[in-house]
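For reference, the structure is listed below as structure tokens.
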Amino acid sequence: MIQITATLIERRSLGAGQELRLRAPALARSLTAGQAVLVQTGCGLAPYLRRVFYPIALDDESWTLRVPADGDWGHAWLRTVAIGATLDCLGSVGNGFSVPAGSRNVLCLGEDAPASVAGPGISAWALLPAIVQAASEGRAVAFALEAALARDLIPSQRLPAAVEYHTAIRPPRIPDRPASPGVGVAQFLPELLPWADVVLAAGSLAFYSELATAVRAVRYELGRGFAQILYPAAFLCGVGACQACVADLATGRHRICQRGPVLDLVDVVGEA
Ligand code: FES
């Protein structure tokens, strides 16, 4: 974990959202997909209210974050920062995705899950660095993504050409309502799950619950080491001190900034 000043070197608009590329070599080299970075927003008057981002692109010199088109004032401030300005960043937080050495077929599953009263949002864009790395290592990669609106899907040209890409539009989940079978990413799972050696997923807790049900139906058991998920948590300190990120997992209460944010799916839903 380091606190570092990053320089904004590129801004790109995608719809109403923006992508900001930040030059910070020491941080970029320590980051992996799924690890969080806490970015200070505003003019330094609110130092503890950092915004949480997951890298959507990584290289040796820089990392890229995606600012959603929402009403958050910190995000609005970031959308106006001038090229060449510096941002105070704290990262990398926790553990990221890790593809085991022997895994040939990597299945990535994403849901566009904006923040709501049910909890913090998770964007499937956080999977992109893992997808790019797995493809560059010569692994076979399939990516299935669902969103409520077509405009919220990741454009196919953002993926390596070799990635098999499946998309689905589905209405937002309704809390405490059972999932409709065959809707969204679930329609692809009977074909993709037997093929996969490892699953990397980013979405809501309801999305992970449906994934666990599908794994048990298709593969007959959900074992440790098969599926990694990015847990949707709110971070304040990022170092285990504030307890803001505590969550009830299958193995008890844990600080997600220390235990996650990438967890084994079994840690979330249990083995039963
Ligand atoms: S963010 Fe403070 S304990 Fe995890």
Response to the item:
One checks the Cα atoms of the chain and finds Rg and Dmax, in Å, of 17.8, 53
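Based solely on its DSSP helices, what 222 nm [θ] is calculated for the chain when runs of n ≥ 4 H residues each add -39,500 (n - 2.57) and the sum is averaged over all residues, nearest 500 deg cm²/dmol?
So the helix-based figure for the chain works out to -4500 deg cm²/dmol.
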Worksheet item: Excluding Phe188 itself, what net charge comes from residues whose Cβ is under 14 Å from its Cβ, given Lys and Arg +1 and Asp and Glu -1?
Response: -4
Worksheet item: Which percentage, to the nearest 5, of the DSSP beta bridges contained in the chain is antiparallel?
Response: 60 percent
Worksheet item: Can you work out the base-10 log of I(q)/I(0) for segment 171-268 at q = 0.11, 0.17, 0.24 1/Å, using the Debye formula on its C-alpha atoms alone?
Response: -0.36, -0.80, -1.28
Worksheet item: What GluC sites (Glu not before Pro) in segment 160-238 are in a loop by DSSP, with at most 15 other Cβ atoms within 10 Å of the Cβ?
Response: Glu221
Practice prompt. Scan around Ala113 for amide H atoms under 5 Å from its own, H built in the peptide plane at 1.01 Å from N, and keep only partners 5 or more places away or cross-chain.
Written response: Ile122, Ala124
Practice prompt. Calculate the translational D of segment 1-140 in whole µm² s⁻¹ from Stokes-Einstein, where the hydrodynamic radius comes from the Kirkwood formula applied to all Cα pairs, the temperature is 4 °C and the viscosity 1.567 mPa s.
Written response: 82 µm²/s
Worksheet, complete the sentence: Those chymotrypsin sites (Phe, Trp or Tyr not before Pro) from segment 122-226 that are DSSP loop and have at most 10 other Cβ neighbours within 10 Å turn out to be Tyr220
Worksheet, complete the sentence: In segment 1-95, the chymotrypsin sites (Phe, Trp or Tyr not before Pro) that sit in a DSSP loop and have at most 13 other Cβ atoms within 10 Å of their own Cβ are Tyr48
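Taken together, the values in this text are just the output of simple stated rules run on the coordinates, not laboratory data. In this text the structure is predicted, and so the values were computed from the model without any measurement. Methodologically, a virtual Cβ is constructed for each residue, glycine included, from the backbone with ideal geometry; neighbour enumeration extends over all protein chains shown.
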